[in-house]
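Have a look at the structure below before the remarks.
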Amino acid sequence: MRTQIFLSAAFLLFSSFTGLASATANAGASDFSLESANSNHLFPRQACGSTPGPCNKNNCQGISKQDGSLGVCTVAFKGFSCTSTCSNNLGDCNKNGCAGTNSLGGGRGFCTAGDFKGCTCNSVCSDDSKACDANGCNGVNGFCTAGDFNGCPCGTSCGNLKTEGCDKNGGNGLAGCPCTGTCGATPGPCNKNGCNGSNGRCTAGAFNGCACN
């Protein structure tokens, strides 16, 4: 009889201990789940849908891609994909909050902010570059680092370094700057078109330096 009472008491004690351990484990699991749900890493995953939203909505502040592939969010839903907002109808790099970095020679720049961050834009560099301390340019080593003309050259007579015909500026191009040759495939007469030829070369006019007959 005493043996049965002892065994019953031992079983009850073991059952209580097992239940306590299980409750503790479940409490721990519950705490972990709660912590995970409120984690900065996992909370956006729960908020993400199966279809990415636009890169310029819901505080995503995404970086789009010009080729139309998915961009990536940088603030809300950070690290998750978003639908790029770029189009083939490019805007100017200094419009629509683009804050673009321009490119030399009329090439495409790219937006660094706004709805079209990461998209390409039309460079607004002019052929007559302005002073490096004007228009918010904040020029460093001959290039603007801020403002509407960020990335454009400044303080140089060559302006945008855009290649133009060597027949400009009175047939002399812009002295010291690159220009596109105007010579034809076949040499023209040395005594026409203002060529003023000498020794088989034009010495003046639109074809200065070209071969002539």
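The values are calculated or read from the model by the stated rules, or taken from the named source; none is laboratory data. Keep in mind that this is a model prediction, so the values were computed, not measured. Ideal geometry is used to build each Cβ from the backbone, glycine not excepted, and the neighbour counts take in all protein chains shown. To get the accessible areas, we keep the full protein, side chains included, count just its heavy atoms, and leave off ligands, DNA and RNA. Shrake-Rupley method; radii C 1.70, N 1.55, O 1.52, S 1.80 Å.
Brief remarks on what is shown
- Fraction of accessible area attributable to carbon and sulfur, the stretch 75-119 (%, probe 1.4 Å): 48 percent
- The residues of the stretch 92-138 have, on average, 51 Å² of accessible surface per residue, using a 1.4 Å probe with all protein chains present.
- When each of LYS78/LYS117; LYS130/LYS192; LYS65/LYS95 is checked by Cα-Cα distance, pairs over 27 Å: LYS130/LYS192
- Mean Cβ neighbour count within 10 Å, used as a protection proxy, ranking 192-205, 91-104, 74-87 highest first: 91-104, 74-87, 192-205
- Cα gyration tensor, the stretch 46-118 - rounded (a/c under 1.5), prolate or oblate: prolate
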